[in-house]
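Colleague: Got a structure for you, questions after.
The values are calculated or read from the model by the stated rules, or taken from the named source; none is laboratory data. Nothing here was measured: the structure is a model prediction, and the numbers come from that model. Ideal geometry is used to build each Cβ from the backbone, glycine not excepted, and the neighbour counts take in all protein chains shown. Keep in mind that these areas ignore ligands, DNA and RNA; they rest on the heavy atoms of the full protein, side chains included. Shrake-Rupley method; radii C 1.70, N 1.55, O 1.52, S 1.80 Å.
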Amino acid sequence: MADLPRGYTVLAWLGLAANLLAFPAVALDLATDAHLKVLNLVMACSVAWPDAVVGVVACAALLARRRWGIVVAIVALSLALAGSLPYVIVRLVLVPDQRLPLALGASAFWLLNLLALIYWCRPVHRRRLAVYRV
């Protein structure tokens, strides 16, 4: 068995847990949030749930040490960042009473996703692609 880059397994398991928790979290937000129901439904169906599915597939591939898992993880993280930015901007403008919690939560989400994206884009993964299984 080839040695894996530092943090590989931990981040794969954390990603799997986060993506599995995204399904009920988005459903709970749809059920409880009275503001912008159409926006929430559109974002859930077009970005949040598909991104969570891609993330689960990516983490499963990473845990199975498949070469393509890294590429799929990069796609899932990029989709999360690209989809959440316009959503949060609209929410910040249209729902003024939720500005502080939303801004803090979005900042933490973006920072964690960006750090994970930087980790999976590191050259050490490309150098070790030959030792991962196809």
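Colleague: Which one, G105, C121, A22, projects farthest toward the positive side of the charge dipole computed for the chain from Cβ point charges (K/R +1, D/E -1)?
Modeller: Projecting each Cα onto the dipole axis, the largest value belongs to C121.
Colleague: Kindly state, as a whole number, the per residue volume in cubic angstrom of the convex hull around the alpha carbon atoms of the stretch 1-67.
Modeller: Normalising the Cα hull of the stretch 1-67 by residue number yields 80 Å³.
Colleague: What is the mean projected area of the alpha carbon convex hull for the chain, to one decimal in square nanometres?
Modeller: 8.0 nm²
Colleague: Continuing with this model, one more query. Around V75, with a cut-off of 15 angstrom between Cβ atoms, what is the net charge of the other residues, counting Lys and Arg +1 and Asp and Glu -1?
Modeller: Computed value for this residue: +1.
Colleague: Let me ask something else about it. Given charges of +1 on the Cβ of Lys and Arg and -1 on the Cβ of Asp and Glu, with all other atoms neutral, how large is the dipole of the stretch 10-134 about its Cα centre, in debye to the nearest 20?
Modeller: 820 debye
Colleague: Would you calculate, for the chain, the mean residue ellipticity at 222 nm contributed by helices, counting each DSSP H stretch of 4 or more residues as -39,500 (n - 2.57) and dividing by all residues, to the nearest 500?
Modeller: Value at 222 nm, helices only: -25000 deg cm²/dmol.
Colleague: Which listed residue (I70, V53, L4) has the Cα farthest towards the positive end of the charge dipole for the stretch 1-74, taking +1 on Lys and Arg C-beta and -1 on Asp and Glu C-beta about the Cα centre?
Modeller: Checked the options; the winner is L4.
Colleague: In Å², what does the accessible area per residue of the stretch 24-134 work out to with a 1.4 Å probe?
Modeller: With all protein chains present, the stretch 24-134 gives 58 Å² per residue.
Colleague: With a 1.4 Å probe and all protein chains left in place, how much of the accessible area of the chain comes from carbon and sulfur atoms, in whole percent?
Modeller: 76 percent
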